[in-house]
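Colleague: Structure incoming, see below.
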Amino acid sequence: MRTLGRRLGWLVLGLAFFVAALGLYVWMHAQERLAQPQLHPADAALVLGNRAYLDGRPNPCLTQRVDRGVQLWRDGRVRLLTLSGGVDREDGRIEAEVMAAHARAEGYSGVLLKESLSSSTRENLAMSWPLLAAAGVRRVIVVSDAYHLWRVERLAKASGFDGAFEVQYAAAPADCGRPAWQAMRSALREPLAIVNNALNGYL
């Protein structure tokens, strides 16, 4: 029993080390994306969804993604926005609709495509694909949190999304406008999502 306990202890320690190392790698990748030079012009920005509201207020992790997409449009980098996100289980809000309202409130007056059925990053890409194709999009800039983009890029490659389109990636602020400790919690949670996606065969 003591030997078994020792082995389990080493296993837990090894897993913790692996998750921490993966978290550090994700963090480094996020810094690279945030420092990325100016993007090439594209047909559309695909803004990936997130929980719409937190504590009764718009979730900054979502609104800052939309803000990044709107800024790409203002800069002349894209001609339309595609907003992807389905129903939030907590309150029944449709993320794509909340994103669209925020984009309009921020002055976006271009074409909006809304994908309102997806419930995961993998589905964001898969369900937005036919909308983008139907709109004649060939070049797309995928927008999400900086910490999220490492996983997004792998899912796009594994699914063939980045073969169907010429894809670039744009990072919204990594801290989502929150205190540093909350931003760090998000950074640590992302490696667990990566492991979950890998175990399910998505990466």
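The values are calculated or read from the model by the stated rules, or taken from the named source; none is laboratory data. Note that the structure is a prediction, hence the values are computed from the model and not measured. All Cβ positions, even for glycine, are placed from backbone atoms using ideal geometry, and neighbour counts span all protein chains on display. Only protein heavy atoms, including side chains, enter the accessible area calculation; ligands, DNA and RNA are left aside. Shrake-Rupley method; radii C 1.70, N 1.55, O 1.52, S 1.80 Å.
Colleague: Would you please name the residue that is surrounded by the most Cβ atoms within 10 Å (Cβ to Cβ), looking only at residues in segment 41-99 that are farther than 20 Å from LEU131 by Cβ and among the hydrophobic types (A, V, I, L, M, F, W, C)?
Modeller: CYS61
Colleague: Also, I was wondering about something else. Those residues that are more than 14 Å from the chain's Cα centre (by Cα) and open to solvent by less than 40 Å² (accessible area, probe 1.4 Å), I need them from segment 119-134; list them, please.
Modeller: Matches in segment 119-134: LEU132 only.
Colleague: Follow-up question, since we're still on this one. Quick one: which of SER144, SER116 is modelled with pLDDT under 95, touching a helix residue (DSSP H, G or I) at 6+ places or on another chain (Cβ under 7 Å) and open to solvent by less than 60 Å² (accessible area, probe 1.4 Å)? If you could, list the steps in order and put the result at the bottom.
Modeller: Details: SER116 fails: modelled with pLDDT under 95.
Result: SER144 is the single residue among SER144, SER116 that is modelled with pLDDT under 95, touching a helix residue (DSSP H, G or I) at 6+ places or on another chain (Cβ under 7 Å) and open to solvent by less than 60 Å² (accessible area, probe 1.4 Å).
Colleague: In this structure, does PRO179 turn out to be of a type outside the set (S, T, N, Q) and at pLDDT below 70?
Modeller: When the stated conditions are applied, PRO179 passes them.
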